[in-house]
Amino acid sequence: MVSTLPWSVMNPNDEPRAQRPLRDVHRAVIEWYRRSCRDLPWRAPERTAWGVLVSEIMLQQTPVTRVLPVWLRWQQRWPTPGDLAGAPPADVVRAWDRLGYPRRALRLHAAAQRIRDEHAGEVPGNHAELLALPGIGAYTAAAVAVFAFGQRHTVVDTNIRRVEARLFSGRALPSRSLTAAETRCAESALPEDVAESVAWNQAVMELGALVCTARAPRCEECPVRDACAWVAAGKPPAENAPRGQSWHGTDRQVRGAIMAVLRAAEEPVARPLLLTDRAGSEQLAAGHAAPPDVVVERLTALWRLSAPVEQRERALTGLVRDGLASLEGEGVSLPR
DNA sequence: TAAACGTGGTA
DNA sequence: TTACCAAGTTT
């Protein structure tokens, strides 16, 4: 299995072999991290495993800057899994605010209840037990086991995938989905020493977030630019064009607009208001109490989408199915 | 395997 | 202004 070819042109099934020994790459990236890492509260010495878990769920597909204020409020309000487990789902979804993917809030709530009921209120440190919790997949289970419990696991997130695609494989971007070869490559790049493996996971992720970025990587600042296969190959462009995330006119957009209305409303919102346009709502308004201004503002945003009635029906049905909305007679609210 | 799932900043 | 992108998971 030993090849004499430089790893940059090796079969991806083979182990990575930098022009610089792997140990030097480890050292350079970890040193860079100690120098350049961001000061984030879920990395502070006083952090709890619960705080790490909450941060990892919030950070799924969501930028750090948007998570920060919500995480701080969350820790203040629900400092332990038991605290969150006892909260009404409606409060949880409201506190999630506009982080996006609100089903994550519901899954985190469900995870907190499982931790309370099945793990004596303590976040499990076992990878398999973490993986069994709702909303926790391969990445998050590994991340919590590593960052909260200091264990040796291979963490593979979008940042690490991109860094390793460039550094080890010479490609501008990783493929759309995680491949087995990629996982093997990441495993073989992980330092054997436990403490060093933790530092490596954290450091490579941070390198991808701050330097080895998707759009315009700052290679001048990279601690391993001399070992980078992509740089050595002349930074060839990405082979696979990114698949755009559709948004305008989608059910997702309508779901988001409906959720915004429900989050803003303390009282159940009349179902017809969610299913009609502005003209229709003005007819309905006669003889009814006017909704608060915040709700009107969100309703206006919903109406502006001009989504067909059947699409609103579909979106609302989906929200109810997912447990994000409850029907109360003619009213709709966040789940009790 | 692929589609669905929110939201808002940035180029 | 449009389109990409962000510490993924579930079905």
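The values are calculated or read from the model by the stated rules, or taken from the named source; none is laboratory data. Please read all numbers here as calculations on a predicted model, not as lab measurements. Reconstructed Cβ throughout: ideal geometry from the backbone, glycine too, with neighbour counts over all protein chains shown.
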Query - Hits in segment A:203-217 (condition: part of a loop (DSSP other than H, G, I, E, B) and over 12 Å from residue A:32 (Cβ atoms)) - result: A:213, A:214, A:215, A:216, A:217
Query raised in the report: What residue, among those in segment A:319-336 that are farther than 16 Å from residue A:256 by Cβ, touching a strand residue (DSSP E or B) at 6+ places or on another chain (Cβ under 8 Å) and assigned to a loop (DSSP other than H, G, I, E, B), is modelled with the highest pLDDT?
Result: A:335
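Results for (1) touching a Ser or Thr at 6+ places or on another chain (Cβ under 8 Å); (2) free of Cβ contacts under 8 Å to residues at least 12 places away in the same chain; (3) on the phi > 0 side of the Ramachandran plot; (4) of a type in the set (S, T, N, Q), shown as yes or no for each residue.
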position	(1), (2), (3), (4)
A:197	no, no, no, yes
A:205	no, no, no, no
A:229	yes, no, no, no
A:244	no, yes, no, no
A:249	no, no, yes, no
A:253	no, no, no, yes
A:258	no, no, no, no
Report summary line: Reported set for segment A:112-171 where residues are in a loop (DSSP other than H, G, I, E, B) and either in contact with a Pro (Cβ under 7 Å, 6 or more places away or on another chain) or polar (S, T, N, Q) (or both) is A:121, A:123, A:126, A:151, A:154
Query raised in the report: Does residue A:94 satisfy the criteria of being without any contact (Cβ under 8 Å) to a residue 60 or more places away in the chain, part of a helix (DSSP H, G or I) and not assigned by TED's automatic domain parsing to the domain that holds residue A:315?
Result: no
Query - residue A:180, sole failed condition from (1) small (Gly, Ala, Ser); (2) at positive phi; (3) surrounded by fewer than 17 Cβ atoms within 10 Å (Cβ to Cβ); (4) within 16 Å of DNA strand B (Cβ to nearest atom) - result: (2)
Requested in this report: Test each condition in (1) of a type outside the set (A, V, I, L, M, F, W, C); (2) surrounded by 13 or more Cβ atoms within 10 Å (Cβ to Cβ); (3) away from DNA strand C (no atom under 16 Å from the Cβ) for residue A:206 and report the one that comes out false.
Outcome: (3)
Query raised in the report: aromatic (Phe, Trp, Tyr) and near DNA strand C (Cβ under 8 Å from one of its atoms) - does that describe any residue in segment A:119-140?
Result: yes
Report task. Being loosely packed, with under 13 Cβ neighbours inside 10 Å, at negative phi and either under 14 Å from the mean Cα position of the chain (by Cα) or charged (D, E, K, R) (or both) is the filter here, so list the residues in segment A:36-76 that pass it. Result -> A:38, A:39, A:46, A:63, A:65, A:73
Query - Unique residue being in a helix (DSSP H, G or I), within 14 Å of DNA strand C (Cβ to nearest atom) and hydrophobic (A, V, I, L, M, F, W, C) when the list is A:50, A:71 - result: A:71
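Residues checked against (1) in contact with a helix residue (DSSP H, G or I) (Cβ under 7 Å, 6 or more places away or on another chain); (2) in the same structural domain as residue A:143 (by TED's automatic domain parsing):
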| residue | (1), (2) |
| --- | --- |
| A:35 | no, no |
| A:53 | yes, yes |
| A:102 | yes, yes |
| A:107 | no, yes |
| A:114 | no, yes |
Report task. Look at segment A:233-250 and say how many of its residues are surrounded by 10 or more Cβ atoms within 10 Å (Cβ to Cβ) and under 23 Å from residue A:176 (Cα atoms). Result -> 6
Report task. Determine, yes or no, whether residue A:262 is within 22 Å of residue A:329 (Cα to Cα) and either within 26 Å of the chain's Cα centre (by Cα) or surrounded by fewer than 11 Cβ atoms within 10 Å (Cβ to Cβ) (or both). Result -> yes
Query raised in the report: How many residues does segment A:103-152 hold that are charged (D, E, K, R) and farther than 30 Å from residue A:252 by Cβ?
Result: 6
